[in-house]
Amino acid sequence: MLIKTFQDILPLVEKPSSYLGNEINSIRKDLDKVKLRVALAFPDLYEIGTSHFGMQIIYHILNMDKQIAAERVFTPGSDMEEYLRLSGLPLATLESQTPLGRFDIIGFSLLYELNYTNILTMFDLGKIPFFARERDSDVPLVIAGGPCTCNPEPIADLFDAMVVGDGEGAVMEMAQAWIRWKKTGNRDKEKLLTDWSGIEGVYIPAFYQVTYDPAGFQVPLPRPFDQTMNKGKVSRAIFTDLDKAPFPGEPVVPFGKPVHDRLRLEVSRGCSRGCRFCQAGMIYRPVRERSPDTLLCQTDKCLASTGYEDISLLSLSTGDYQCLIPLMERLMDQSEYKNIAVSLPSLRADMLTPDLMKQIKKVRKTGFTIAPEAGSQRLRNIINKNITEKAVADTVKHAFNLGWQRIKLYFMIGLPYETGDDLRSIVEFVKDLRKISVPRKNNGKINVSISTFIPKPHTPFQWASQITRLESKEKINWLRQNLKLPGIHVKWQNPDVSFLEGLWARGDRRLVNLLVAAYQKGCRFDGWSDKFQYDRWEKALSDAGVDIDFYTTRRRDLVEPLPWDHIDIKISKDFLKEEWKRAEEGIPTLDCRWGDCHGCGVCNFQTIQPKVFERSAKKGVTSLNRSGASFESKSEFNKRIKITYSKLEPGKYFGHLELVNIFLRALRRAKISIKYSNGFHPMPKVSFEDPLPIGMESQNEIFFLTTTEMMEPEDIIKGLNNHLPPGILIHDCQIEPSSGGKNDNKSTRYQIVLRDEVFKKSELERFRERNELIVSRLNRKGKLKKINIKDMVESIQLLSPKKLEIILESKRGSMMRPMEAVLNIFTVSEQTLRQAKVVKMAKQNT
């Protein structure tokens, strides 16, 4: 096996399309013709990173500037990492396959603490030194943003700069400052960092000297010339008006199976419910809503540019969006007209009004999520989860009545002031809800998700202790045993994972050596249950001399310095202390949207204040654009169309299901109306012939669709080819008189070209001389079936020592792929065949 280039690796990995970088709406610029090159890095797999809309926004903002090129890079899968190390090839961006070291800035999105080891993986594979102090002016600057920067200290030494808060404004200010700095010819990195430090929300870790007091608490001190700025604190950046925020009207449409494979609309940012455990509810204040008109315009443009068939409304509390009902009315009108599904990830139990339920009846019903968090009202008052058991029960009843078949309930264990009675209340609560689901004709199911409470910075519970791993396991096991009931399914987060997350959430700079030690012991993808290895972390903790209890299980004193005290999230520490005191007394705090201001400190009521719309406002909400062809016309016109296409490199790396998705979305973007089935989940009338395995090319593939509008075949060909990725090309389009029947017996010609080995003529001769060559395989029912390869091979010949042509015959119930035949006829390795060029040839005219 020879690996010289990145292209040599693609045939060998499990998900090659994740590394192509030629998705619809991806942007490619000539890196030699721009002033600033930025690699946007996400420390997790492609299917996770491409689902993060924040990265799409930054990608869009930077690439809008002609002087700047932004490309993407994700943590490679374990197989890709292995081949990169084996070959010595560096980690590179998707769009241009440019090594990370050739970029000017590498910008990381930090969403989850257990992704931190993946940062080091990307550094290592990209040949970037781990620590900022080790990187000179010939190495890219490394910056970071995302919610984890609200306590940047555990990984601060890795980064030159970190953005705290909303990145829409800060990222362009930083880019423009870099361009100005570069223009001066000054290679002094400190000069640039000084300029960056003057941008709101930008934290320069090197500008803070870290000391530790006699009790072992970290005390970061700003350098003398920085103390004049907000008393040495870094203030969170806030984008105050989301209607003016840059938004990607042409977002990248990922290949494969991203975890959120739909159009995501952020209806609002921030939450003022005040749940005392919730970090997001604190660090994203104040509430800022997008206007319905803005959202509808974004929907129109994004649906046209992506071909998505699903819309998801996102916010920390979607049900609190004041114009949800008029927005839903317009979106549901779109849904009915163009077969677009609208989903609501979750709603607060107390926000289900009759008007909203009318709209929800039309929504595709998969799962409905409710987060009571605690089983007793006493504990819900302590954590300020202002929701009653009756409201939850009513919501569950309504959800089942409206057609949902599955309800998901979220609970936490280990909350401050939790007792055994609170755990028992969870069991009784779930049993009561089960009584609602049991009589249902649709066999309503309840999924219970249990996680361990993790105290997070900048919340009223930042001083709380986290329960031990042993306590967590005991409580989870007790709940599992007592919730073993029909119709109840219990899931839980591994307590070891929760414990580590708690360590990193409230850690300080001493933990960075632990991170390196864990990485060197092989820790990767720690947020993935199949990759997480706590035993390696235990060894790393021991080697690094880290007292994990110092950071997790001890209760912190209200007067002790916290590692994140110099990060001004704009929430007053006095407010957090007051909320901690109210929690001790079990006193809830009402949402300031519908009551008095509680003085949390975020709003100055001049430049920063809540932006919400009147709940009843319906006037001025525009309808969605109905211009152009709908995806299914309501006319009676129905014609079955046969479409012939080729699937050549790089299109050969698409699996069958993702290829179907690619075509369906291309049809939507091209405004080609197709027929849908009836029923609650209408499916497009599209069918494909025998799917090809990943890695095989074809000169001639066929699929059928039923169109509902008259279109010229040439227009269909042109329309689709304008919206397909490289490697997929439509060649012919014909109206089929009828569906016809499938030919049970057919022959297919393949050509196989080896890269590094040759086919042995003697082995081919031995095959020809044999009467039979039997292979055994399991059929779909698990029974052993024997097949004679001689019966399947109609013709086989060597066109050259490296090139083979084989014609295989498919019979009813039996077919053979060329790879299987070749592996049994010749002594070539499977790796060699995976790197070979295998082409299904077009039928020859006779």
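The values are calculated or read from the model by the stated rules, or taken from the named source; none is laboratory data. Here the structure is a predicted model, which means the values were calculated and not measured. Cβ placement follows ideal geometry from the backbone for every residue including glycine, while neighbour counts extend to all protein chains displayed. Accessible surface areas use protein heavy atoms only, side chains included; no ligands, DNA or RNA. Shrake-Rupley method; radii C 1.70, N 1.55, O 1.52, S 1.80 Å.
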Calculate what fraction, in whole %, of the accessible area of region 1-149 sits on carbon and sulfur atoms when a 1.4 Å probe is rolled over the protein chains. 53
Short to long, in 10 Å steps from zero, the percent of alpha-carbon pairs of region 232-355 per bin is 11, 40, 34, 13, 2, 0
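Could you give the dipole magnitude of the chain about its Cα centre, charging the beta-carbon of Lys and Arg +1 and that of Asp and Glu -1, in debye to the nearest 20?
On the way: 124 positive and 106 negative charges, 503 e Å.
The calculated dipole for the chain is roughly 2420 debye.
Just the projected area, averaged over all directions, of the convex hull on the alpha carbon atoms of the chain: how many nm²? Could you put the intermediate results ahead of the total?
Working: hull surface 158.7 nm².
If I average the Cα hull's projected area over directions, I get 39.7 nm².
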From the C-alpha gyration tensor of region 1-154, square roots of 5λ in Å: 22, 19, 17
Nearest 10 degrees, 0 to 90: helix 292-306 Cα axis against the chain principal axis: 30
Round to a whole angstrom and tell me the spacing of the C-alpha centers of region 484-516 and region 89-161. 23
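For region 69-217, what is the Kirkwood estimate of the hydrodynamic radius, computed as the reciprocal of the mean inverse distance between distinct Cα atoms, to one decimal in Å? If you can, show how the numbers build up before the last one.
Values: mean 1/r = 0.0610 Å⁻¹.
This gives a value of 16.4 Å.
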List the lysines whose alpha-carbon lies under 28 Å from that of K577, not counting same-chain residues fewer than 8 positions away? K231, K233, K385, K456, K611
Work through the residues other than S646 whose Cβ is under 12 Å from its Cβ and net out their charges, Lys, Arg +1 and Asp, Glu -1. -1
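Treat region 751-816 as a sphere of radius equal to its Kirkwood radius over Cα pairs and apply Stokes-Einstein at 4 °C in a medium of 1.567 mPa s; give the translational diffusion coefficient in µm²/s, rounded to a whole number.
96
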Of all beta bridges DSSP finds with both residues in the chain, what is the antiparallel percent, to the nearest 5? 55
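Based on the mean of other Cβ atoms within 10 Å per residue, sort peptides 298-305, 31-38 so the most packed one is first. Provide the component values of the computation, followed by the final result.
Working: 298-305: 18.8, 31-38: 16.6.
Highest mean packing first, the order is 298-305, 31-38.
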Enter the angle in degrees (range 0 to 90, nearest 10) between the Cα long axis of helix 116-126 and the first principal axis of the Cα atoms of the chain, meaning the one along which they spread out most. 50
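Can you list the equivalent-ellipsoid semi-axes of region 99-152, largest first and in whole Å, using the square root of 5 times each Cα gyration tensor eigenvalue? Don't skip to the answer; put the middle values down first.
On the way: eigenvalues 77, 29, 20 Å².
One finds semi-axes of 20, 12, 10 Å for region 99-152.
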Within the chain, helix-based [θ] at 222 nm, where runs of 4 or more DSSP H residues each add -39,500 (n - 2.57), nearest 500: -9000 deg cm²/dmol
How high is the relative contact order of the chain, given as a whole-number percent (alpha carbon pairs under 8 Å, six or more residues apart)? 12
What are the extents of the Cα atoms of region 690-846 along their three principal axes, listed from largest to smallest and rounded to whole Å? 56, 37, 34
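Past 26 Å, Cα to Cα, is the threshold; run K802/K843; K647/K803; K675/K718 against it and keep the listed order.
Details: K802/K843 22 Å; K647/K803 20 Å; K675/K718 20 Å.
Distance filter (> 26 Å) returns an empty set.
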Low-density loop chymotrypsin sites (Phe, Trp or Tyr not before Pro), region 364-432, at most 16 other Cβ within 10 Å, DSSP non-H/G/I/E/B, are Y417
Cα-based helix-to-principal-axis angle, 495-505 vs the chain, degrees rounded to 10: 60
Under a 1.4 Å probe, counting only protein heavy atoms, C597 has an accessible area in Å², nearest 10, of 90
Report in % the part of the accessible area of region 195-326 that belongs to carbon and sulfur, leaving out ligands and nucleic acids; probe 1.4 Å. 57
Cα-based reach from K183 at 18 Å (exclusive), listing aspartates and glutamates while leaving out same-chain residues under 8 positions away: D32, D65, D104, D138, E173, D195
Projected onto the charge dipole of the chain (+1 at Lys/Arg Cβ, -1 at Asp/Glu Cβ, origin at the Cα centre), which of S272, I807, L10 gives the Cα projection farthest towards the positive end? I807
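When Lys and Arg each count +1 and Asp and Glu each count -1, what net charge do the other residues less than 13 Å away from E560, Cβ to Cβ, add up to?
Around E560, the surrounding residues sum to +2.
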The alpha-carbon center of region 66-82 and that of region 277-326 are separated, in whole Å, by 28
Magnitude of the Cβ-charge dipole (Lys and Arg +1, Asp and Glu -1) of region 459-567 about the Cα centre, nearest 20 debye, reported as 360
Over the chain, cysteine residues that find no other Cys C-beta under 4.7 Å are C148, C150, C271, C297, C302, C323, C523, C592, C597, C600, C603, C733
Taking a cut-off of 16 Å between Cα atoms, list the lysines near K182, but don't count ones fewer than 8 places away on the same chain. K33, K35, K191
Mind ranking M683, M841, M332 by accessible surface for me, highest first, 1.4 Å probe? M683, M841, M332
Along each principal axis of its Cα atoms, how long is region 151-282 end to end? Whole angstroms, biggest number first, please. 49, 46, 32
Considering only protein heavy atoms, what per residue accessible area in square angstrom results for the chain with a 1.4 angstrom probe? 43
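So for region 432-528, what are the equivalent ellipsoid semi-axes in whole Å, largest first, each being the square root of 5 times an eigenvalue of the Cα gyration tensor?
On the way: eigenvalues 247, 51, 29 Å².
Listed largest to smallest, the semi-axes of region 432-528 are 35, 16, 12 Å.
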Sorted largest first, the Cα spans of region 233-294 on the principal axes come out in Å as 40, 27, 27
